[in-house]
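Written below as structure tokens is the structure these notes are about.
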Amino acid sequence: MRNPLSSRRYVVIGIFVVVGFIYLLRLAYLQIFDDTYAELANRNALRYVTQYPSRGLIYDRNGKLLVYNEAVYDLMVIPRQVKNIDTLEFCNLLKITKEDFIKKMEKARAYSTYSPSIFEKQISKEDFAPIQEKIYQYDGFYAQSRTLRYYPEAVACHVLGYIGEVNEEMIAKNPYYKKGDYIGMSGLEKSYEEILRGRKGSKITLVDVHNREKGSFKDGIYDTAAISGKNLYSTIDIELQKYAEALMKNKRGCIVAIEPSTGEVLCFVSAPYYDPNLLVGRVRGKNYKALAEDISKPLFNRVLMAEYPPGSIFKIAQALIALDMGVILPNSGFVCDKSLVGCHGHPSATNVRDAIKMSCNPYFYRVFQRVVQQTNPKTGKIDSKYGLMLWNEAAKRMGFGTRLDIDLPNVRKGYIPDTTFYNKWYPSGWNFHTIYSNSIGQGEVGVNPLQMANFAALVANRGWYITPHLVRSYGDEKQKEKFVKYSQKNYSFIASSYWDLAVEGMWGVVHEAGGTARRAMIDDIAVCGKTGTAENIGEDHSVFISFAPKTNPKIAVAVYIENARGGGGTWAAPIASLVIEKYIKGEVERKEMEQMYMETNPCQPLPLVRKVKPKKKR
């Protein structure tokens, strides 16, 4: 008789065979195809450490060091490996609280329990010395070196910029960056990030069960060396930069100086400014918050991002445009009729040169009127829209209302109004009398100080400019590379004779009786300039553009002092002349004047109060 249990035996054997086969397949998969567990095992014995390259250094035009690197350390943690540590002793070693320790560990676990992340960043070499001696005692922790930027002169913050840690959005846009990496956030650090950053390397190190390094994995054959970033050689004259910043101490506004023949920026000051070292290291977050909340806006780059009314300096552009269009002649004269627009007391200008020298408002009212109220060749009628279109195009050829492609981020293009703007603003219609305030650099015209300095260089060159820039070259000292786009001339296509007329008028502004900037006169230097007083919220702004010498100019300067009562000739003009004297002579001989303008703050205190005009009597 057949045993009924015999068939069940084969079933049980079959189940065991199938289960065993499944286990064999799974084991083969884990060992041959899936490297997850192998990787986890390796992580217990191998440490993958990123080798951060040194960022390129930045020098001034004379070879003086502006930015260098200093070693710091990030303390890394692998949460899964952190076991049986004396938390209190560890916190005392790092000078943090237990609450801080818990928060940092939670953050690290949220990122990954197996991958390393930063526990404490940017520890100076002095603070790291006692940590280095004991770090091996704490499983799961190790140090990773990197470099931070330091600024020996502590100036030019808006030029040099700063670096900061990448966020998730940056990582998503560029896979080169990983969590914990740093990137240029502003200034040259941002514009030249790919040149300055270099290339990261990697090092694989053997570690024992006590977290102690035991040497390179396979003698380092899988390691990759970091490649240092390339150096930048800037156009900035650090001595002139320091001097200009001293002049702008406790003030609000800008100073920009350009070498007309090359477009190289000699100094670049946006005030108030700050010590760039404040945004370095572990104190960066706290300091950035304080700067961001400062009512005077020291983080705001006024040179590139402020949009000011140019005031009377724009009269030079108005004269050149009108001369080129043929609506006035060099000897055209207009009565100083204050019923048209207010003006200071002076004789009526009988020619363009004297009009620029005396800065006559009614004169340029008439000039702009002739520019705008032109006959449209298609209709044969006076057409303000046609005239404004021609004016807009001519102003843009001078660098206004267009973005100057300087090698810094966040550049505003200013504004030159056009017919589209006024059609929307005045849907019921408009004409010259609606927009006449543009004639004297008020109204809707907006420029930034870089455009003002560039315009001064344009006049100095008699009709052309090279795009302003802050870097001459990059690379090694023996093999520097230059940028082609910063060697090309941009022409305004206005006749050279008209530019000579503007130069003569600007020379008269400084050197002749009746000129509005006599305080800008320097012995032995022929300074050409133009003052401006720009209305805005609060007290008027003080404005001045200039270049020197008159022949073969070496420097073009724009100065803008916010809410400084007294006009362009009182504040901006003498400050510009001090910058010119410092650059051309090497030192300033007018010591009393220098002291006065360094120590005096003419800017109306913040917050500003709108000026209330008195009501007219009925």
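Numerical summary
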{"read-out": "Check on Lys378, within 30 Å of Ala257 (Cβ to Cβ) and free of Cβ contacts under 8 Å to residues at least 24 places away in the same chain", "value": "no"}
{"read-out": "Restricting the stretch 276-305 to residues that are in contact with a helix residue (DSSP H, G or I) (Cβ under 7 Å, 6 or more places away or on another chain) and not in a helix (DSSP H, G or I), the residue that is surrounded by the most Cβ atoms within 10 Å (Cβ to Cβ)", "value": "Asn301"}
{"read-out": "Residue within the stretch 201-217 that is modelled with pLDDT of 95 or more and in a loop (DSSP other than H, G, I, E, B) present", "value": "no"}
{"read-out": "Members of the stretch 425-457 found to be closer than 28 Å to Lys190 by Cα and assigned to a loop (DSSP other than H, G, I, E, B), listed by number", "value": "Asn448"}
{"read-out": "Which listed residue is modelled with pLDDT under 95 and either surrounded by fewer than 22 Cβ atoms within 10 Å (Cβ to Cβ) or not hydroxyl-bearing (Ser, Thr, Tyr) (or both), from Lys381, Lys357", "value": "Lys381"}
{"read-out": "Only listed residue being in a loop (DSSP other than H, G, I, E, B) and modelled with pLDDT of 95 or more, chosen from Arg370, Arg403, Arg366", "value": "Arg403"}
{"read-out": "Out of Gly475, Gly446, Gly463, sole residue that is under 17 Å from Ile321 (Cβ atoms) and of a type outside the set (Ser, Thr, Tyr)", "value": "Gly463"}
{"read-out": "Counted residues, the stretch 177-204 - those being more than 22 Å from Lys107 (Cβ to Cβ) and out of contact with any helix residue (DSSP H, G or I) (no Cβ under 9 Å at 6 or more places or on another chain)", "value": "12"}
{"read-out": "Residues that are surrounded by fewer than 19 Cβ atoms within 10 Å (Cβ to Cβ) and not hydroxyl-bearing (Ser, Thr, Tyr), drawn from the stretch 243-271", "value": "Ala246, Lys249, Asn250"}
{"read-out": "Looking only at the stretch 218-244, and only at residues there that are in the same structural domain as Phe141 (by TED's automatic domain parsing) and of a type in the set (Lys, Arg), the one that is modelled with the lowest pLDDT", "value": "Lys218"}
{"read-out": "Residues of the stretch 157-189 satisfying the condition of being farther than 16 Å from Phe300 by Cα, part of a helix (DSSP H, G or I) and in contact with a strand residue (DSSP E or B) (Cβ under 6 Å, 6 or more places away or on another chain)", "value": "Glu189"}
{"read-out": "Matching entry among Asn601, Asn552, Asn536 (being outside any helix (DSSP H, G or I), within 16 Å of Glu259 (Cβ to Cβ) and out of contact with any Gly (no Cβ under 7 Å at 6 or more places or on another chain))", "value": "Asn552"}
{"read-out": "Matching option when the condition is at pLDDT 95 or above, farther than 18 Å from Gly446 by Cα, surrounded by fewer than 18 Cβ atoms within 10 Å (Cβ to Cβ) and aliphatic (A, V, I, L, M), among Ala576, Ala517, Ala526, Ala572", "value": "Ala526"}
{"read-out": "Some residue of the stretch 307-327 being assigned by TED's automatic domain parsing to the domain that holds Trp391, of a type in the set (A, V, I, L, M, F, W, C) and farther than 30 Å from Val256 by Cβ", "value": "yes"}
{"read-out": "Breaking point among (1) within 30 Å of Val484 (Cβ to Cβ); (2) surrounded by fewer than 18 Cβ atoms within 10 Å (Cβ to Cβ), for Gly443", "value": "(1)"}
{"read-out": "Whichever residue in the stretch 458-477 is assigned to a strand (DSSP E or B) and β-branched (Val, Ile, Thr) and, among such residues, is surrounded by the most Cβ atoms within 10 Å (Cβ to Cβ)", "value": "Val471"}
{"read-out": "Residues within the stretch 119-145 that are buried (at least 22 other Cβ atoms within 10 Å of the Cβ) and assigned to a strand (DSSP E or B), tallied", "value": "4"}
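The values are calculated or read from the model by the stated rules, or taken from the named source; none is laboratory data. Keep in mind that this is a model prediction, so the values were computed, not measured. Because the Cβ atoms are built from the backbone with ideal geometry, glycine has one as well, and the counts that use them run over all protein chains shown.
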